[in-house]
Every structure is written in C-alpha cells, then in structure tokens.
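The values are calculated or read from the model by the stated rules, or taken from the named source; none is laboratory data. All values reported here derive from a predicted model rather than from experimental measurement. Reconstructed Cβ throughout: ideal geometry from the backbone, glycine too, with neighbour counts over all protein chains shown.
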Amino acid sequence: MIKKVENPILEVRDLTVTYDSKPALCDANFGIPQGSMVGLVGPNGAGKSTLLKALMELIPKSSGNVKFFNENLESVRKKIAYVPQKESVDWDFPATVFDIVEMGRYGSKSLFKRLTKNDKEIAREALTKVKMLDFADRHISELSGGQQQRVFIARALAQKADVYLMDEPFAGVDVASEKTIVNVLVQLQNEGKTIFVVHHNLQSAAEYFDWMILINKNIVASGPIKDVFTPELLQKTYDGNLTTLEQIGQTIQKQQFPIRES
Ligand code: ADP
Ligand code: MG
C-alpha cells in the first residue's frame with residue numbers, strides 16, 4: 001500500500017542503493033505530504049539509514065531520483081536538516097556543545113564568513129529548546145547519550161530548516177531526553193515543518209507519528225498511520241518475527257481500545 005500524495009514535499013522515485021553490488025534498498029517509490037510527522041519503521045538492516053543517507057546524497061544512488069519541494073537537493077539543501085544515527089558520530093571530535101550547535105548556522109553562510117550575534121542567539125535558542133543551554137561549554141564527549149542526542153537536534157534546529165530527517169533520535173536516550181525530543185518535534189510540526197524519523201519502537205510509533213513508511217529493503221507500505229499500522233503489513237515487514245509480532249498485537253490492541261489515562 002503506497003498512498004499517492006499530491007504535491008509531496010519529498011518524492012522518491014525508483015531509488016535503489018547497493019553496497020558492493022548487494023542491494024540495501026530496492027526500487028523505493030513514495031511521497032510524503034508537507035507538515036507530516038513520518039515514522040520510518042523496519043527491522044535491523046532494513047535499509048533505513050541507507051535511505052536517509054541517500055536522500056542527503058551522503059552515499060551514491062545506484063538508480064532513481066529524489067526531489068524535495070520538487071527540486072534537486074543542491075538547490076534546497078539549506079531547507080533540509082539531517083541528524084545522523086548516534087553511533088555514526090565521532091564523539092572525540094574536539095568541540096564544545098556550543099560549537100556543534102553553531103555548525104547549524106554555517107549552511108546559510110558563504111565559506112569562512114563569520115557568525116553574527118544573531119547566529120549565536122539562534123544557537124542559544126536551539127539549546128534552550130532541548131534544555132541543554134547550561135551545558136554550552138562542555139565537551140560533547142562528556143555528555144550522556146541522551147544529552148548528546150539533544151545537542152545534535154539543537155544543531156538541526158539552529159539550521160531553521162523546513163524538513164528534518166532524523167535517524168533513530170530516541171535510540172539509547174533516557175526517558176527525560178525522549179520526552180524533551182518529542183516535545184521539540186511536536187513544536188516543529190505545529191510550525192508547519194515536515195519531520196521524517198527513523199524509529200525502532202513499535203509501541204511508541206503509533207503514538208508519535210501520523211504517517212508511516214514500512215521498509216524491509218523494499219518499501220512495504222507508506223501512508224496515514226491508520227492504513228499502514230496493521231498486523232498484516234507489520235508482519236510482512238518483520239518477516240513474521242515472533243517476539244515482534246507479539247508486541248505488535250499488544251500495540252494494536254492498545255490503539256483500538258485505548259486506555260484512558262487519568
Ligand atoms: P538499518 O538502518 O535499517 O538498520 P542500514 O541502512 O544501516 O540498515 O543497512 C542496510 C544494509 O546495508 C545492511 O545489511 C548493512 O549491513 C548494509 N550496509 C550498510 N552500510 C554499509 C556499508 N557502508 N558497506 C556495506 N554494507 C553496508
Ligand atoms: Mg540504521
């Protein structure tokens with residue numbers, strides 16, 4: 001089930017990516033509507049990170065094409081923010097929290113141009129949103145996993161983009177960080193931004209997202225969460241993996257018979 005989208009903010013056509021002639025992503029076709037909160041969900045090794053990297057042109061495509069705002073990435077790059085998967089970041093990189101967040105401002109500058117007072121104010125605002133301003137002068141290696149993730153999200157916020165691609169922002173973060181990050185995402189969506197998040201946890205996926213893409217090398221489904229978050233499609237995505245399926249059953253039951261929280 002691939003739901004057709006009129007005027008998609010991101011459109012992917014026939015996208016295939018291979019590593020050493022082994023395909024990691026096959027013939028992906030989907031579009032996502034502007035202002036949606038999209039969850040990209042699938043098992044380990046399904047090609048989720050590969051898809052995001054290919055969208056950002058960090059790895060070459062074998063075939064296919066990608067449009068943001070109906071344009072190629074080069075002409076709209078500043079409008080797209082990307083938060084990589086945490087384990088792919090070099091945490092010994094000699095930089096403070098503030099340095100990292102300031103990097104979000106360089107995309108709008110020509111090379112070697114100095115950051116202005118306004119840029120620094122935007123960086124401070126971004127750190128405030130993720131509740132990390134008190135840590136501005138710390139080295140990033142001195143932070144917990146959840147704090148590091150919040151700093152990388154602040155860098156994306158400082159970019160003041162329109163589309164946010166985030167690779168597993170909730171992986172290995174504490175509950176407080178997860179709540180802070182969710183609030184930031186909701187706020188972005190309320191401002192009309194489009195958010196595309198790789199996500200692992202099926203329980204919370206149903207809660208967080210309004211659009212879902214299921215992936216397992218192929219795009220299994222893409223559409224509104226009520227059409228995509230079904231036992232059949234999840235089963236197909238997870239190859240009938242039993243533990244996962246038990247979780248799915250519980251999750252869907254919760255969705256259909258939500259327990260009212262007092
Ligand atoms: P996911 O993010 O869904 O867990 P990935 O996109 O990281 O999956 O990986 C998809 C597949 O591609 C996996 O089988 C993985 O081992 C392989 N892969 C990822 N990166 C590389 C690489 N740089 N070189 C070779 N194979 C890779
Ligand atoms: Mg990944």
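Restricting 82, 106 to those that are among the aromatic types (Phe, Trp, Tyr) and modelled with pLDDT under 95 reduces the list to 106.
Within the group 195, 215, which residue is in contact with a Gly (Cβ under 6 Å, 6 or more places away or on another chain) and either away from ligand 1 (no atom under 16 Å from the Cβ) or part of a strand (DSSP E or B) (or both)? If you could, list the steps in order and put the result at the bottom.
Details: 195 fails: in contact with a Gly (Cβ under 6 Å, 6 or more places away or on another chain).
None of the others qualify; the one that does is 215.
Just for helices (runs of 4 or more DSSP H) wholly inside region 62-179: which have at least 2 residues that are away from ligand 2 (no atom under 16 Å from the Cβ) and loosely packed, with under 15 Cβ neighbours inside 10 Å?
Values: elements: 73-76, 97-106, 117-129, 145-158.
Hits in region 62-179: 73-76, 117-129.
Of the residues examined, residue 204 is not one that is assigned to a strand (DSSP E or B) and away from ligand 2 (no atom under 16 Å from the Cβ).
Output yes when any residue across region 48-55 is more than 19 Å from residue 225 (Cβ to Cβ) and more than 16 Å from ligand 2 (Cβ to nearest atom), and no when none is. Let's see the steps before the verdict.
First pass over region 48-55, keeping only residues more than 19 Å from residue 225 (Cβ to Cβ): 49-50, 52-55.
Keeping just the survivors that are more than 16 Å from ligand 2 (Cβ to nearest atom) gives none.
No, region 48-55 has no match at all.
Against the criterion of being surrounded by 14 or more Cβ atoms within 10 Å (Cβ to Cβ), over 27 Å from residue 145 (Cα atoms) and away from ligand 1 (no atom under 12 Å from the Cβ), residue 23 does not qualify.
Given the criteria modelled with pLDDT of 95 or more, within 16 Å of ligand 2 (Cβ to nearest atom) and under 23 Å from residue 178 (Cβ atoms), does residue 225 qualify? Here the answer is no, as residue 225 does not meet what is asked. For region 8-39, the set of residues classified as in contact (Cβ under 8 Å) with a residue 60 or more places away in the chain and part of a loop (DSSP other than H, G, I, E, B) consists of 9, 33, 34, 35, 36, listed by residue number. Residue count for region 125-141 satisfying the condition of being farther than 13 Å from residue 99 by Cβ and among the charged types (D, E, K, R): 4.
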